[in-house]
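The block underneath contains the structure these notes are about, expressed in structure tokens.
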Amino acid sequence: MGSLIVANEQAIGAVDIGGTKIAAGIVDANGCLLAYRETPTTAQEGFGAAMDRIHAMLNDAVGSAKVELCGIGIGCTGPVDPRTGAIGEVEFLPGWKDCNPVQHLAALFHLRVAMENDADAAALAEAEWGAGRNKQSLICVMVGTGIGAGVVLDGSLYRGAAGSHPEIGHHVIDCSGPKCFCGAKGCWEVLARGPAMVERMRNRIPRGDPKQGTLTAKAICDLARTGDAVAMGEVECEGTYLGIGVANLVTLFAPEVIVLGGNVMLSADLFMPTIKAIVRRNCGLVDSEATTITSTSLGSGGPVIGAAAVWRRSFQGARAP
Ligand SMILES: [Zn+2]
């Protein structure tokens, strides 16, 4: 009986709350995903309904992985307050402001619960189990519906004034660019997120073209692989915006590692040559060769693995596997 509890000590419940879907899983001490469940967020049904589904998914995952949880980590689309566990004013979670998933899940499961912004969670996963293992400085950039980034400096998650999460995704790339909800024009997110690719591609192909109906960042990348000149042009454009942003991070932080993840980066091989060429061109004053630029190795389970890393960092400290 005692050995069973010891064996399960490292099974962490992990929850990733996004605007589109909520994923829940079980992650072991090596960052391996033992079970995975997901559900649409349907934020408009309310916070309580979402917590009920998380409760059910985690219980189901615990049953299938045959483990006992030691705690629960959460990565949540932000802004969130990691100190209190409260959700802030989040565009994709209307009506959830001041709701507290940390307190809610702690009361349901009688376990310790920790939460971070989802980009910070991803950065912690890379630091713990991914490309940032045994490194002191790492920036993890997630490129999907938006652009989120987490910064690990001297082995710890960097926080700004009053515990704030720096919004690297909203630094300005082109001050004559389109307006973003953040207030800036031409910030990185508004130019390089997946929907920006779709919008540009829509403007490049004729209105009646059947491709108009099925455009996604992935579809554009697939089309580029077939040699479609317009799609290849868009991939080059996206790679350029990504490259300028990454080069700015190399110049500003000169980190040991920059890891790129998120849905758009599922096609990282198409963008990496452009990104690296721009870094070489733009970063003349730092040793850019010393910065490793790579795509995530944690796979599609990365955000859930990130949530588990949040719990580990909060309650177990950084530990080399
Ligand atoms: Zn912005």
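The values are calculated or read from the model by the stated rules, or taken from the named source; none is laboratory data. No experiment lies behind these values; they were computed from the predicted model shown. Please note: Cβ atoms are built from the backbone with ideal geometry, for glycine as well, and neighbour counts cover all protein chains shown.
Residue 77: under 22 Å from residue 142 (Cα atoms), surrounded by 13 or more Cβ atoms within 10 Å (Cβ to Cβ), free of Cβ contacts under 8 Å to residues at least 24 places away in the same chain and not hydrophobic (A, V, I, L, M, F, W, C), yes or no? Spelling it out, it is not the case that residue 77 is under 22 Å from residue 142 (Cα atoms), surrounded by 13 or more Cβ atoms within 10 Å (Cβ to Cβ), free of Cβ contacts under 8 Å to residues at least 24 places away in the same chain and not hydrophobic (A, V, I, L, M, F, W, C). The combined condition, being in contact (Cβ under 8 Å) with a residue 60 or more places away in the chain and among the aliphatic types (A, V, I, L, M), is fulfilled by residue 157. Scanning region 138-170 for residues that are of a type outside the set (Gly, Ala, Ser), in a strand (DSSP E or B) and away from the ligand (no atom under 16 Å from the Cβ) gives 138, 139, 140, 151, 152, 153, 157.
The single residue among 231, 184, 224 that is within 16 Å of the ligand (Cβ to nearest atom) and either over 16 Å from residue 269 (Cα atoms) or at pLDDT 95 or above (or both) turns out to be 184. Can you pull out every residue in region 255-283 that is free of Cβ contacts under 8 Å to residues at least 40 places away in the same chain and farther than 16 Å from residue 142 by Cα? Hits for region 255-283 are 273, 274, 276, 277, 278, 279, 280, 281, 282, 283. Of everything listed in (1) assigned to a strand (DSSP E or B); (2) within 20 Å of residue 148 (Cβ to Cβ); (3) in contact (Cβ under 8 Å) with a residue 24 or more places away in the chain, the single unmet condition for residue 38 is (3).
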